Amino acid sequence: MNKLMKAQTLAVHGGARRDDTFGAINEPIYMTSNYRIPTDGTPVDWSGTESNIYARNRNVNQMVLQDKLCALTGAEDCAVFASGVAALTGVFIPFLNAGDHAIISEVCYSATNLLFRKYLPEKYNIEVDFVDSTDTDAVRAAIRPNTRLIHIETPGNPTTGISDIQAIADLAHSAGALLSVDATFAGPINTYPLRLGADLEIHSMTKYINGHGDSLGGCVLGRKELLDKIKEIALVNFGGALSPFNAWLISRGLATLPMRMKQHSRVAMAVAEFLEKSPAVRFIWYPGLESHPQHSLAKELMKGEYSGMIAFDIRGDEAIHQKFLNELKLVTHAVSLGDIESLIVYYDKSSDKLPHYPKIFQDGFFRFSIGLEDEEDLIEDLQQAIAACGLQE
């Protein structure tokens, strides 16, 4: 596959495999847990991932999805997992040993936060510093002689903060550490961490890559030498493999990813501009707005398509916030993100995560995932919910 092809062409044709048995154009679903083993004396690596032996090691639909993701991102290799959290642990466990030090984005996904605040330090004696990774100097100051991994999120979940991937990659490599980047909020075509020096790129495929809210999955992309280790430990021996059916579902969703991201980004910009002008809104962070604290960096990294994630808050007490959620008609109050429909979740003052976010977030806020609806309809829904709360538009 010609890697100079455009993203939409690669999304359709990258990773495609011919079905020589029946001639099917679309990849069949290989619902088998095991495969025939050669009886001609060919050596068999029972724990290997280079041949089809057992679906936990490798399966055909998984291979197609991995190849498609490599074609889109330019990665040497890819491992796909049963969930985004499985993909994260597939990076953390293989590359951190007892006594090692890790630097983690202060703003990060809840499972990452729990792993590094509790389980990895308590169970495996991993030393951890949480830092504001949007501040490169803070990352530099946290590096120790035993630092082995720097893990950042950009845009950060849920605040949309933007970190300088290239600068932090340089710091990591100077210290002999790996840089892993969770780019789920951006999707694999709005930001390219591997091109900027990251060693490993991670996505919850449940979100933008699949895009339809009907399948869990995660992936790690990077150099083959690193992915070989991840596959051996996390897929074969920890058993985090993605099922053939879910791999097929995600491959199908991936084919429309470039078109979907254009719509997510376009509509999110229109909605963000509306919210920024509304007197009812206390604050808004969206990387595409000039008011975003890292807009210049986002403009450089994301090339004008800023994805569909908005963080904002309206004025009023907790009762007003709950009323606002109840009054929304098109927008669904639900977790997750990157779906075809718009989703919103509220972080109230009782959340134990708020102290770790920038000060403006600490009175509570909404994480808003813009779907594929028309911007006029979404704005009208927001307008009527704001009006129902007695707030001026």
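The values are calculated or read from the model by the stated rules, or taken from the named source; none is laboratory data. Here the structure is a predicted model, which is why all the values come from computation and not from measurement. Neighbour counts are summed over all protein chains in view; Cβ atoms, including those assigned to glycine, are modelled from backbone coordinates with ideal geometry.
Quick notes on this one:
- Number of residues in region 34-79 that are touching a residue at least 24 places away in the same chain (Cβ under 8 Å) and of a type in the set (Ser, Thr, Tyr) equals 3.
- Options Ser342, Ser350; residue that is of a type in the set (Ser, Thr, Tyr), more than 20 Å from Cys108 (Cβ to Cβ) and not assigned by TED's automatic domain parsing to the domain that holds Val85: Ser342
- Residues of region 138-152 that turn out to be in contact with a Ser or Thr (Cβ under 8 Å, 6 or more places away or on another chain) and either under 14 Å from Val91 (Cα atoms) or not assigned by TED's automatic domain parsing to the domain that holds Tyr192 (or both), as a count: 4
- Residue in region 68-78 that is among the hydroxyl-bearing types (Ser, Thr, Tyr), touching a Leu at 6+ places or on another chain (Cβ under 7 Å) and farther than 19 Å from Ala16 by Cα present: no
- Figure legend. Inter-residue proximity from region 195-222: first residues assigned by TED's automatic domain parsing to the domain that holds Ala111 and within 19 Å of Glu76 (Cα to Cα), second residues of a type in the set (Phe, Trp, Tyr) and in a strand (DSSP E or B), beta-carbon distance below 7 Å, spacing 6+ or different chains. Indicated pairs: Gly218/Phe81; Cys219/Phe81.
- Criterion (small (Gly, Ala, Ser), in contact with a His (Cβ under 9 Å, 6 or more places away or on another chain) and farther than 18 Å from Leu216 by Cβ) met by exactly one of Ala98, Ala87, Ala138, Ala102: Ala102
- Val281 vs. criteria modelled with pLDDT of 95 or more and touching a Gly at 6+ places or on another chain (Cβ under 8 Å): no
- Matching residues in region 163-202 - criterion: being surrounded by fewer than 22 Cβ atoms within 10 Å (Cβ to Cβ), polar (S, T, N, Q) and touching a helix residue (DSSP H, G or I) at 6+ places or on another chain (Cβ under 6 Å): Gln166
- Taken together, the criteria place Arg144 among residues that are in a loop (DSSP other than H, G, I, E, B) and either basic (Lys, Arg) or at pLDDT below 95 (or both).
- Residues in region 215-242 that are assigned to a loop (DSSP other than H, G, I, E, B) and modelled with pLDDT of 95 or more: Ser215, Leu216, Gly217, Arg223, Leu242.
- Flag if Ala24 is aliphatic (A, V, I, L, M) and within 30 Å of Glu305 (Cβ to Cβ): no
- Single residue of region 285-304 satisfying the filter (modelled with pLDDT of 95 or more and among the charged types (D, E, K, R)) that is farthest from Ile162 (Cα to Cα): Glu290
- If you go through region 102-127 and keep only what is buried (at least 20 other Cβ atoms within 10 Å of the Cβ) and touching a Leu at 6+ places or on another chain (Cβ under 8 Å), you end up with Ala102, Ile103, Tyr109, Thr112, Leu115, Leu120, Ile126.
- Of all residues assigned to region 247-254, none qualifies as being in a loop (DSSP other than H, G, I, E, B), at pLDDT 95 or above and surrounded by 21 or more Cβ atoms within 10 Å (Cβ to Cβ).
- Close pairs from region 157-176: first farther than 26 Å from Ser291 by Cα, partner charged (D, E, K, R) and surrounded by fewer than 24 Cβ atoms within 10 Å (Cβ to Cβ), Cβ under 6 Å, at least 6 apart: Leu171/Arg140
- Criterion violated by Ala71 - all others in (1) at pLDDT 95 or above; (2) not in a loop (DSSP other than H, G, I, E, B) satisfied: (1)
- Restricting region 8-44 to residues that are under 14 Å from Gln62 (Cβ atoms) and modelled with pLDDT under 80, the residue that is surrounded by the most Cβ atoms within 10 Å (Cβ to Cβ): Gly15
- Flag if Met31 is touching a His at 6+ places or on another chain (Cβ under 8 Å) and in a loop (DSSP other than H, G, I, E, B): no
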